[in-house]
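Remarks on the structure that follows.
The values are calculated or read from the model by the stated rules, or taken from the named source; none is laboratory data. Please read these numbers as outputs of a predicted model, since none were measured by experiment. Because the Cβ atoms are built from the backbone with ideal geometry, glycine has one as well, and the counts that use them run over all protein chains shown. When the accessible area is computed, the model is the full protein with side chains, heavy atoms only, and any ligands, DNA or RNA have been set aside. Shrake-Rupley method; radii C 1.70, N 1.55, O 1.52, S 1.80 Å.
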Amino acid sequence: MTDTARGDSTLVIIGASGDLTHRLLLPALAELLHFQPERRVAVVGAGRSAISDAQWRKQVRAAFREADAEDAFASVTATPYISADASTGKGLRTIIREAPEGRLVLYFAVPPAVAAKACAELTPADLPEGAVLALEKPFGEDQKSAHELNEVLAALLPESQIFRVDHFLGRSMVLNLLGVRFANRLFEPIWSAEHIEEVTIRFDETLGLEGRADYYDRAGALVDMIQSHLLQVLAVFAMEPPAALVEEDVRSATAAVLRATHVWEDNPVRFSHRGRYTAGKAGGKDLPAYVDEPDVDPARETETLAQVRCEIRTARWEGVPFTLRSGKAIGRDCAEIEVRLRRVRHLPVGFTGDDDGSVLRFSLGPDVLGVEISVNGGEDPFLLRRARLHAKLGVGAQRAYADVLAAVLDGDVTLSVRGDAAEQSWRIVQPVRDAWRRGDVPLEDYPAGSEGPEGWG
Ligand code: NDP
């Protein structure tokens, strides 16, 4: 990662009254400044709501207190609030003009359409030198709109000043994966179709809708998780070895993976699945059926569980199924990359028992590498049984959004999504969306708290 000087920053959070700001951004900022008190950040709130400077300051301080990092408030140099409609160029110019001096970061914690419209009305002259734009997911709503938004942004700033935020890429696990793979002869040479039989990237959570129908009912699990995050994880997992962990090398390598990624056999009808939870109990909570959650429109047929099998058409990965799956209201939280290795070419005759082949399991939070292998020994030395080895990879000092904010404030785009990669991830899921819209893939029910529908493979 690049080593960037940490000067005074002006972090303008557009969407200061929103859920993302209060639930994730402010606590993450508190955490970041707690660990890196040498930073100096003006935390500017902006939005249409009439909030006074004093109220905003109080909100920021309260968020720091709740994050057990009130000490970090000493690094906050100013907390003005700017009331403006950020969906217009005029409003955005007001925000830029009134923001205190410092390296300007405009963090769009607003509905994506607001950010897109406002950026389209700006000119490069509206932005001070070195300004950074940070945009939240979803980036566009399909490949075409993502491309158009990329063109708007490219007319304003160089790519190195544009952050398409994917907090999954900030997760220490994705980075831990690189060390395990590239620093070990045990793993680096086996990272291909020759040795790997299949890969599953899974993000299941016990949480249900949690009152986010406004956003989620229009997105669904496919866009919310697979398009936005899991394809990026796939790209990091499968990339060609970069010469250095620098922006150009890492992002070119991950984008190349995405360009080669397609739905398995180009057949979304057979190789994608969708489900929607019915009433049940998950994570110790009674959940109503998704369709009975407030503000959900059942006619949208939004899926709360999605699964897609992909292939990467390269010499390294041809023939290896990559299954991406994410669901809400599942029986247990499970965030992991499971890597199944092929069996040995010939097992000496005489062994009995479990010779299923080895499995590597990268769990996200807690970050653990699990290795499952067949071993023998004991009373019957010819009998193979499973042994599980675990290595704790260590929890990063900061959580995902603190990593994101550190990168944004440092102007280090290595782990943000490059424009072409954002377009590619829409391209990959589009055939699935089309097949689902046509009704070619059934929307299956699963009770909240279950493992999801059976027989998805
Ligand atoms: P909310 O609906 O909770 O908040 C939206 C915010 O946008 C409000 O503060 C609102 O403030 C502001 N806003 C809306 N229109 C305008 C406008 N024209 N000008 C200025 N401000 C405006 O949304 P979230 O916080 O949940 O989400 C924001 C973004 O973050 C979305 O892109 C979402 O996909 C993304 N995201 C959210 C996550 C979450 O957990 N919430 C997780 C990951 C990404 P006001 O009414 O005062 O203008």
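Of note:
- Flag for Ala183 being surrounded by fewer than 17 Cβ atoms within 10 Å (Cβ to Cβ), more than 24 Å from the chain's Cα centre (by Cα), more than 16 Å from the ligand (Cβ to nearest atom) and not assigned by TED's automatic domain parsing to the domain that holds Asp217: no
- Selection status of Gly89, surrounded by fewer than 20 Cβ atoms within 10 Å (Cβ to Cβ), more than 13 Å from the ligand (Cβ to nearest atom) and small (Gly, Ala, Ser): no
- Close contacts from the stretch 71-95, counting a first residue that is within 17 Å of Gln36 (Cα to Cα) and a second that is open to solvent by 10 Å² or more (accessible area, probe 1.4 Å) and part of a helix (DSSP H, G or I), with Cβ to Cβ under 7 Å and a gap of 6+ residues or different chains, come to Asp71/His34; Ala72/His34; Phe73/Arg61.
- Asp19 being acidic (Asp, Glu), within 16 Å of the ligand (Cβ to nearest atom), open to solvent by 10 Å² or more (accessible area, probe 1.4 Å) and in contact (Cβ under 8 Å) with a residue 60 or more places away in the chain: yes
- Apart from one condition, Leu169 fits all of (1) open to solvent by less than 20 Å² (accessible area, probe 1.4 Å); (2) farther than 27 Å from Glu338 by Cα; the exception is (2).
- Subset of the stretch 100-113 that is farther than 17 Å from Ile162 by Cβ and within 14 Å of the ligand (Cβ to nearest atom) - its residue that is nearest to the chain's Cα centre (by Cα): Pro111
- Beta carbons closer than 6 Å, at least 6 apart along the sequence or on distinct chains, pair a first residue in the stretch 318-329 that is touching a residue at least 24 places away in the same chain (Cβ under 8 Å) and farther than 17 Å from Ile201 by Cβ with a second that is open to solvent by less than 10 Å² (accessible area, probe 1.4 Å) and assigned to a strand (DSSP E or B) for Ala329/Tyr277; Ala329/Ala282.
- Per-region count, the stretch 197-221, residues touching a strand residue (DSSP E or B) at 6+ places or on another chain (Cβ under 9 Å) and in a helix (DSSP H, G or I): 2
- Taken over the stretch 222-250, the criterion of being in a helix (DSSP H, G or I), away from the ligand (no atom under 14 Å from the Cβ) and touching a residue at least 24 places away in the same chain (Cβ under 8 Å) is satisfied by Leu222, Ile226, Leu230, Leu231, Val233, Leu234, Ala235, Val236, Phe237, Ala238, Glu247, Val250.
- Meets criteria (over 24 Å from the mean Cα position of the chain (by Cα) and open to solvent by less than 60 Å² (accessible area, probe 1.4 Å)) for Val291: yes
- Flag: Gly455 matches the condition of being farther than 28 Å from Arg259 by Cα and not assigned by TED's automatic domain parsing to the domain that holds His195.
- Just one of (1) within 12 Å of the ligand (Cβ to nearest atom); (2) at pLDDT 95 or above; (3) surrounded by fewer than 20 Cβ atoms within 10 Å (Cβ to Cβ) fails for Ala193. It is (1).
- The condition of being loosely packed, with under 15 Cβ neighbours inside 10 Å, modelled with pLDDT under 95 and either in the same structural domain as Val257 (by TED's automatic domain parsing) or basic (Lys, Arg) (or both) holds for only one of Gly378, Gly357, that being Gly378.
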